[in-house]
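Notes follow the structure.
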Amino acid sequence: MLILGIETSCDETAASVVKNGKDVLSSIVSSSLRYHKRFGGVIPEIATRHHVENIDKVVFRSLKSAGLTIRDIDVIAVTQGPGLVGALLAGISCAKSMAYALDVPLLAVDHLKAHVYASLMRRDPPCFPFIGLVISGGHTRLSLVNGFDDFVILGDTLDDAIGEAYDKVAKILKLGYPGGPIIDRLAKKGNPEAIKFTCRSVNGTLDFSFSGIKTAVLYHTRAKGFCRQSVKDVAASFQEAVLKVVAANSLKAVEKYRLKALVIGGGVSANSRFREMITKDGATRGIKAYFPSIGLCSDNAVMVAGLGYHLYKKGCNVSLDITAVP
Ligand code: KG4
Ligand code: ZN
């Protein structure tokens with residue numbers, strides 16, 4: 001079964017062809033990141049315009065790269081949400097038009113479930129149930145995952161997402177955008193114990209809050225200023241505090257449900273310190289952490305086409321009147 005996946009929830013225009021949910025025949029991503037950099041964050045209208053202007057080219061490049069023509073596609077899977085409404089509509093309109101013209105089934109994919117699925121595209125995926133953790137620019141969510149499409153939310157961020165906190169802290173430190181990869185790199189040269197930033201789970205629940213630590217970084221830098229070394233120390237201390245709470249809540253969730261696997265996805269799952277921390281802390285408690293390959297951490301259409309296969313097998317086709325769920 002050849003599935004064409006389309007992803008346009010944020011600033012990446014992506015298309016991919018995946019065979020039977022796991023063989024990746026092509027993956028094309030055209031990012032509008034360079035146009036957002038000077039604003040320090042994604043501007044929805046710019047992202048949407050980029051999708052509208054590029055989606056046809058990206059789709060045809062993905063078919064060409066897979067050595068296929070449009071007539072070879074069996075099913076079309078598209079991200080329905082969550083994401084920026086205009087951005088999502090660009091991908092959904094394209095997917096609907098193609099499904100109608102080609103007379104093939106259409107599937108609506110949840111972006112967060114797709115991020116978790118990216119970690120299952122490996123030779124030895126864990127069995128259901130497991131705990132899923134999505135850490136991205138828009139979400140910080142822990143779920144009990146009973147099946148490809150069966151997620152029970154256990155914990156969420158009450159304010160900023162973790163990736164957003166990384167991006168805002170990088171902006172305060174004048175490091176550029178997106179902040180996650182820059183802080184990841186700088187933190188390696190800083191002292192994570194230099195500054196005592198606090199970041200706790202909310203009232204002992206599995207929920208998260210990251211707006212307080214962002215403000216703490218702002219006040220700290222206002223009071224102390226920053227030089228080359230102190231930026232590295234702030235980056236390392238901020239990162240250690242936020243990742244510790246994400247790791248603690250995630251392992252707590254796995255133990256609460258007496259499970260053994262934690263499956264992680266989203267842009268922040270590329271973070272080198274988090275990979276090291278959760279792998280080590282998990283191992284001491286008999287818990288295995290699963291990460292996507294680095295190329296599948298940030299937004300892509302492989303995870304959409306891949307999850308689409310399992311939705312199709314379950315008979316989850318949707319009609320052409322679906323719309324975005326922002
Ligand atoms: O999943 P993603 O590409 O888009 C959303 O669905 O939000 O995630 C983007 C987020 C950005 O906030 C970016 O700063 C963060 O992922 N990110 C990282 C790293 N690479 C990307 N955060 C921490 N460490 C990284 N290495
Ligand atoms: Zn994402």
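The values are calculated or read from the model by the stated rules, or taken from the named source; none is laboratory data. Being a predicted model, the structure only gives us computed values, none of them experimental. Every residue, glycine as well, gets a Cβ built from its backbone with ideal geometry; the counts of neighbours run over all protein chains shown. SASA here: full protein model, heavy atoms, side chains in, ligands and nucleic acids out. Shrake-Rupley method; radii C 1.70, N 1.55, O 1.52, S 1.80 Å.
Condition (residue is part of a loop (DSSP other than H, G, I, E, B), modelled with pLDDT of 95 or more and either more than 27 Å from D149 (Cβ to Cβ) or in contact with a strand residue (DSSP E or B) (Cβ under 8 Å, 6 or more places away or on another chain) (or both)) applied to the range 49-61: is it met by at least one residue? Scanning the range 49-61, I find no residue that is part of a loop (DSSP other than H, G, I, E, B), modelled with pLDDT of 95 or more and either more than 27 Å from D149 (Cβ to Cβ) or in contact with a strand residue (DSSP E or B) (Cβ under 8 Å, 6 or more places away or on another chain) (or both), so the answer is no.
Table: residues versus (1) surrounded by fewer than 24 Cβ atoms within 10 Å (Cβ to Cβ); (2) under 30 Å from S30 (Cβ atoms).
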| site | (1), (2) |
| --- | --- |
| C227 | yes, no |
| D233 | yes, no |
| S250 | no, no |
| A301 | no, yes |
| K314 | yes, no |
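Listed by first and then second residue, the pairs linking a residue in the range 19-31 that is without any contact (Cβ under 8 Å) to a residue 24 or more places away in the chain to a residue that is assigned to a loop (DSSP other than H, G, I, E, B) and crowded, with 17+ Cβ neighbours inside 10 Å, with Cβ atoms under 7 Å apart and 6 or more places separating them unless they lie on different chains, are S31/D11. R122 fulfils the conditions (1) in contact (Cβ under 8 Å) with a residue 12 or more places away in the chain; (2) of a type in the set (D, E, K, R); (3) in contact with a helix residue (DSSP H, G or I) (Cβ under 9 Å, 6 or more places away or on another chain) except for a single criterion, (3). Condition test on G91, is it within 15 Å of ligand 2 (Cβ to nearest atom) and at positive phi? When the stated conditions are applied, G91 does not pass them. Among the residues of the range 260-290, which ones are away from ligand 2 (no atom under 15 Å from the Cβ), open to solvent by 30 Å² or more (accessible area, probe 1.4 Å) and either in contact with a strand residue (DSSP E or B) (Cβ under 9 Å, 6 or more places away or on another chain) or closer than 24 Å to A187 by Cα (or both)? Across the range 260-290, the qualifying residues are K260, S272, R273, R275, E276, T279, K280, D281, A283, K288. Looking for something over 17 Å from the mean Cα position of the chain (by Cα), farther than 19 Å from L142 by Cβ and assigned to a strand (DSSP E or B) - is there at least one such residue anywhere in the range 279-290? No, the range 279-290 contains no residue that is over 17 Å from the mean Cα position of the chain (by Cα), farther than 19 Å from L142 by Cβ and assigned to a strand (DSSP E or B). Which residue is nearest to I172 (Cα to Cα), if the candidates are limited to the range 59-75 and must be open to solvent by 50 Å² or more (accessible area, probe 1.4 Å) and free of Cβ contacts under 8 Å to residues at least 60 places away in the same chain? This residue is R61.
Between L259, L307, L320, the distinction of being assigned to a helix (DSSP H, G or I) and either on the phi < 0 side of the Ramachandran plot or away from ligand 1 (no atom under 15 Å from the Cβ) (or both) belongs to L307 only.
Quick check, is V242 in contact with a Gly (Cβ under 8 Å, 6 or more places away or on another chain) and either of a type outside the set (A, V, I, L, M, F, W, C) or within 11 Å of ligand 1 (Cβ to nearest atom) (or both)? It is false that V242 is in contact with a Gly (Cβ under 8 Å, 6 or more places away or on another chain) and either of a type outside the set (A, V, I, L, M, F, W, C) or within 11 Å of ligand 1 (Cβ to nearest atom) (or both).
Tallying residues that are open to solvent by less than 50 Å² (accessible area, probe 1.4 Å) and either aliphatic (A, V, I, L, M) or on the phi > 0 side of the Ramachandran plot (or both) within the range 47-58 yields 3.
The numbered conditions (1) under 19 Å from L106 (Cβ atoms); (2) surrounded by fewer than 21 Cβ atoms within 10 Å (Cβ to Cβ) are all true for V17 except (2). Restricting attention to the range 218-238, does a residue exist that is touching a residue at least 12 places away in the same chain (Cβ under 8 Å), closer than 16 Å to H111 by Cα and not in a loop (DSSP other than H, G, I, E, B)? The answer is no, given that none of the residues of the range 218-238 is touching a residue at least 12 places away in the same chain (Cβ under 8 Å), closer than 16 Å to H111 by Cα and not in a loop (DSSP other than H, G, I, E, B).
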